[in-house]
Amino acid sequence: MNNSANTANVNVATLDSGTWAPGTPTRTVKQTLRIYFTEAKSEFLIRLRLPGYVIPTILFPLIFYSLFGLTHSQAALARTTVGAYLLATFGSFGVIAISLFGFGVSVAVERGQGWMMVKRASPMPRFAYFAAKIAMAMLFSLVMLLLLFTLGIAAGHARMPFTAWAGLSGTLLLGVLPFAAMGLAIGYLAGPNSAAPVCNLIYLPMSFASGLWTPIEFLPKAVQHIAPFLPFYHLGQLALDRIRGGFTTADWVHIAALTGFTIFFLALAAIGYRRDEGKTYG
Amino acid sequence: MKTRSKIEDYLQVLLPEVAAEFCGVSKCYGETPALNNVSFRLHPGELVSLLGANGAGKTTAVKLLLGLAAPNQGRVRIFGQSPHTAAAKMRIGAMLQVGKVPETLKVREHIELFSCYYPRPLPLATVIETAGLQGLENRLFGELSGGQKQRVLFALAICGDPDLLFLDEPTVGLDVDSRRAFWREIRAFVERGRSVLLTTHYLEESDALADRILVLNRGTIVAEGTPKEIKSSVAGKTIRCTTALSVHQVQAIAGVSSVRVQKDGVEILTSRAEAVLRELLARDASLANVEITGTGLEEAFLEITRRDGRNSQREASMEKIAL
């Protein structure tokens with residue numbers, strides 16, 4: 001399929017070059033779309049062949065769900081069961097890892113190695129680079145969620161109306177965005193070697209304090225007070241509300257908080273990006 | 001507005017286009033000046049080498065031309081346009097000094113990705129062949145040897161069939177064989193009638209490839225010319241011999257630029273070796289162990305940068321004119 005696409009493109013190119021007008025070269029819409037598609041495909045293949053990324057991000061949510069969720073899956077929690085509740089929280093846990101590490105570590109590493117500079121020197125549309133990473137994070141999240149939901153239905157006795165499943169999936173897939181922004185900020189502000197430890201240092205304690213491992217109600221009071229200041233908490237709660245059913249004013253608060261965090265992290269990333277642009281590479 | 005752009009189009013056909021232009025460019029990193037009032041032009045079909053030691057400002061010049069940095073003073077143009085524009089970027093390809101690129105992408109996938117950025121890419125097979133990557137198309141980048149990795153970076157630079165190619169120290173870290181193979185590939189690309197700006201600190205590389213050499217020393221162009229001109233600008237030949245004549249007597253011979261006493265004789269630098277030798281033989285019957293060598297580019301380069309270090313800025317620029 002690749003081959004035929006390439007040959008077709010070459011033919012077009014040969015025809016074009018005969019009637020090439022002087023002045024500025026331009027791209028057709030089709031060519032631009034092709035760049036976005038190829039960029040996303042490349043990003044996906046790069047990640048897919050990295051076992052150090054795929055295995056932890058896809059399997060950890062499944063393993064944690066099995067450890068914590070399957071033992072008491074039928075036990076009742078507020079308006080739901082443990083089996084369903086933990087799908088929302090470990091689903092959030094997984095999506096956050098895919099986004100945070102997918103952006104944070106890869107941007108920092110590609111920046112440090114000079115790959116980012118090669119991309120910036122090329123005529124690649126700047127946004128294509130980020131769009132590819134977002135698409136990749138959503139695709140990996142989708143795969144992880146499908147596996148997690150299958151596990152939940154098959155072994156975790158999770159039973160929900162279709163609308164709840166759809167709402168949960170949609171919420172979690174959109175949840176990629178704030179944490180992609182967070183990863184981007186880390187990727188631009190942290191060094192190539194420190195990005196992974198920084199991500200871990202944020203990810204693990206924040207997941208716990210936001211009630212993604214144990215329901216927030218079972219955590220110490222002090223932690224419950226801190227949680228609303230953490231972005232992880234808001235995605236977890238938004239996901240849980242899709243299971244409990246109904247859209248409340250609390251959900252608007254969570255959406256507003258996540259939007260606010262997204263803007264904040266993008267601003268931080270922009271500062272790092274500026275600093276990076278003017279910087280000398282070896 | 002539309003008329004003006006039409007006129008520009010006609011002008012571009014009538015006038016020989018300048019591929020790249022530096023006009024009084026200065027660039028500082030904080031307090032450290034990297035380039036100081038540098039001007040040069042790169043014409044289509046020309047391979048120009050920017051030659052200088054590490055830290056001379058070569059990479060800074062390339063970054064400015066690629067729009068990766070902005071000059072503090074002066075003007076940088078690519079085909080008459082700002083290097084930040086997409087239109088300029090679509091006409092250039094760049095091979096930069098990069099530590100690593102994503103290792104889990106295959107060679108052909110890397111090339112396909114970069115090819116789609118350009119409106120008129122070369123066919124994949126042509127890129128593979130020009131870069132000497134036959135048989136490696138389906139290998140992951142991480143599995144390649146150092147020389148092969150450099151070739152992939154070269155392939156990414158040429159795949160868009162750019163009118164202007166930047167090669168920033170392309171053969172650093174390669175062994176002699178790989179370097180020579182790489183030169184063949186660069187020549188093959190230039191034969192397509194495209195312009196190349198090559199930065200290097202290997203004099204041999206400039207000598208072997210460049211139509212024109214710009215010698216950059218501490219942010220200033222100190223010499224400019226063809227490899228031959230650069231070499232002949234410095235005393236042409238070295239005569240080594242043992243002689244009964246004193247240093248003073250040798251120095252008196254017309255055409256002798258300098259004399260140095262070595263432990264096994266004297267070393268005479270001259271631009272007229274034959275005449276000087278005849279005179280030496282006439283004046284000293286006991287002249288022995290005569291050995292004549294041409295000045296290599298290496299000596300020429302050292303001489304030029306050494307002179308620059310000694311002289312004032314003004315003299316350096318006069319020398320540039322003299323060359």
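Structure summary
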| item | result |
| --- | --- |
| Residues A:Cys199, B:Cys116 arranged by fewest to most Cβ contacts within 10 Å | A:Cys199, B:Cys116 |
| Residue order, fewest to most beta carbons within 10 Å, for A:His234, B:His43 | B:His43, A:His234 |
| Sites A:Leu67 and A:Arg34, calculated FRET efficiency, Cβ-Cβ separation with R0 51 Å, nearest 0.05 | 0.70 |
| Trypsin sites (Lys or Arg not before Pro) within the stretch B:93-197: DSSP coil, no more than 15 neighbouring Cβ in 10 Å | B:Lys100, B:Arg139, B:Arg192 |
| Separation of alpha-carbon centers, the stretch B:86-155 and the stretch A:255-272, rounded to whole Å | 35 Å |
| Residues in the stretch B:112-143 that a label on B:Ala181 would reach, taking backbone N under 19 Å of a point 7 Å out along Cα→Cβ | B:125-143 |
| Separation between Cα centres of the stretch A:54-76 and the stretch A:154-191, rounded to whole Å | 16 Å |
| DSSP loop trypsin sites (Lys or Arg not before Pro) with at most 16 other Cβ within 10 Å excluded, longest remaining stretch of chain A | A:160-278 |
| Rounded FRET efficiency, nearest 0.05, which uses the C-beta distance separating B:Val261 from A:Phe44 and R0 of 60 Å | 0.30 |
| Kyte-Doolittle mean at least 1.6, axial Cα span of 27 Å or more - DSSP H helices of chain A | A:126-154 |
| Distance violations [Cα-Cα > 30 Å] among A:Lys133/B:Lys106; A:Lys30/B:Lys106; B:Lys27/B:Lys100; A:Lys41/B:Lys58; B:Lys149/B:Lys231; A:Lys41/B:Lys100 | A:Lys41/B:Lys58; B:Lys149/B:Lys231 |
| Helical contribution to [θ] at 222 nm, DSSP H n ≥ 4, -39,500 (n - 2.57), averaged over the protein assembly as shown, rounded to 500 | -17000 deg cm²/dmol |
| Approximate spin-label separation B:Glu129-B:Glu274, in nm, with each point projected 7 Å along Cα-to-Cβ | 4.6 nm |
| Estimated distance in nm for a label pair at B:Arg240 and A:Ile271, the labels positioned 7 Å out from Cα along Cα-to-Cβ | 6.3 nm |
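None of the figures in this text is laboratory data; all of them are computed from the coordinates on show. It should be emphasised that the depicted structure is a prediction, and the values quoted were computed from it without experimental measurement. Cβ atoms come from the backbone with ideal geometry, glycine included; neighbour counts cover every protein chain shown.
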